[in-house]
Amino acid sequence: YDFSLFVVKKDGTRTPVTTFAAPVELTLKFSGNVNTELLGIYFVGDNNTLEYVGGTVNGDQITAEVTHFSKYAALELNKSFKDVPALHWAAQAVKSLSAKQIVTGVTASEFKPDESVTRAEFTALLIRALGIKAEGQASFSDVSGDAWYAPYVAAAVSQGIVSGRSADVFAPNAAISREEMAVMVIRALEVKQGKKTSPGSSSAAFADAGTISSWAADYVNTAAELGLV
């Protein structure tokens, strides 16, 4: 669908409105045999370039917020990676998150499902999942301004989702630990809900619970109680 908006004056003069001061909710109806896990609204640009906008499915409709009018389409993205076969335990999650532009492959054809995740990669994943614009500059000595992850780190730090491993060091390329991920997931959930979560009522029943760092324990317990880990 191609949307346009004009201000029409008394003399008939038409002035196009190209951007909005606040987002406008756009709802498209779809039909047919649609995999809603792979469905999204896309801005169709010049030369048919596609830019993912987002989308929440409700029945036979999908809704997203847009900041300008132009051509939009509801499309399925069925992305496959040669190293994630259909029977892989994470195949459907990888497809769904790829369609939502939350995760990407290491290359166009490879996902590397068994590789460790870095702190920068997981930070970017959460910012994309929340739909937060990646912008700003983080004040860490090891996060250069031209690094692909720099705006994601800046956005996550400003939202209180992540902090450095020290005041000056973020360690973007270090493998992220499971307890770090649990802390960041709960903080991201708090950003999404706009409020703090209640700490888990009991300690997680893990045999190695005694090795969980004190700064992460409440977050791990809460994540476990909510079924997130």
Counting only residues that are farther than 13 Å from VAL103 by Cβ, open to solvent by 30 Å² or more (accessible area, probe 1.4 Å) and either part of a helix (DSSP H, G or I) or touching a Cys at 6+ places or on another chain (Cβ under 6 Å) (or both), how many does segment 113-132 have? 1
Restricting the search to segment 181-197, which residues are surrounded by 10 or more Cβ atoms within 10 Å (Cβ to Cβ) and out of contact with any helix residue (DSSP H, G or I) (no Cβ under 7 Å at 6 or more places or on another chain)? ARG187, LEU189, GLU190
If you go through segment 183-212, how many residues are at pLDDT 95 or above and not β-branched (Val, Ile, Thr)? 5
I'm checking my understanding of the structure. Among residues of segment 1-32 that are over 18 Å from THR63 (Cα atoms) and in contact (Cβ under 8 Å) with a residue 24 or more places away in the chain, which one is least open to solvent (accessible area, probe 1.4 Å)? VAL17
With respect to LEU50, determine if the residue is touching a helix residue (DSSP H, G or I) at 6+ places or on another chain (Cβ under 6 Å) and either open to solvent by 20 Å² or more (accessible area, probe 1.4 Å) or touching a residue at least 24 places away in the same chain (Cβ under 8 Å) (or both). no
Do we find that ARG178 is crowded, with 18+ Cβ neighbours inside 10 Å, of a type in the set (Lys, Arg) and either over 18 Å from the mean Cα position of the chain (by Cα) or within 23 Å of ALA224 (Cα to Cα) (or both) in this structure? no
Tell me, yes or no, whether segment 65-76 has at least one residue that is part of a loop (DSSP other than H, G, I, E, B), touching a residue at least 60 places away in the same chain (Cβ under 8 Å) and not charged (D, E, K, R). yes
Among the numbered criteria (1) loosely packed, with under 12 Cβ neighbours inside 10 Å; (2) touching a helix residue (DSSP H, G or I) at 6+ places or on another chain (Cβ under 7 Å); (3) not aromatic (Phe, Trp, Tyr), which one does GLY40 miss? (1)
Quick check on my filter: what residues within segment 20-40 are among the β-branched types (Val, Ile, Thr) and more than 17 Å from LYS79 (Cβ to Cβ)? VAL24, THR27
Take the residues in segment 64-108 that are surrounded by 13 or more Cβ atoms within 10 Å (Cβ to Cβ) and of a type in the set (Lys, Arg), then tell me which one is farthest from ASN33 (Cα to Cα). LYS71
Suppose we filter ILE186, ILE127, ILE161 for residues that are touching a residue at least 40 places away in the same chain (Cβ under 8 Å) and closer than 18 Å to LEU228 by Cα; which single one remains? ILE186
For SER4, the lone unmet condition from (1) farther than 20 Å from GLY131 by Cα; (2) in contact with a helix residue (DSSP H, G or I) (Cβ under 8 Å, 6 or more places away or on another chain); (3) not β-branched (Val, Ile, Thr) is (2)
Condition met for GLY136 (within 15 Å of TRP148 (Cβ to Cβ) and open to solvent by 40 Å² or more (accessible area, probe 1.4 Å)): yes
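The values are calculated or read from the model by the stated rules, or taken from the named source; none is laboratory data. A quick note: this is a predicted structure, and the numbers were derived from the prediction, not measured. As a convention, Cβ positions derive from the backbone with ideal geometry for all residues, glycine included, and neighbour counts pool all protein chains shown. Just the protein is used for accessible areas: all its heavy atoms, side chains included, with ligands, DNA and RNA removed. Shrake-Rupley method; radii C 1.70, N 1.55, O 1.52, S 1.80 Å.
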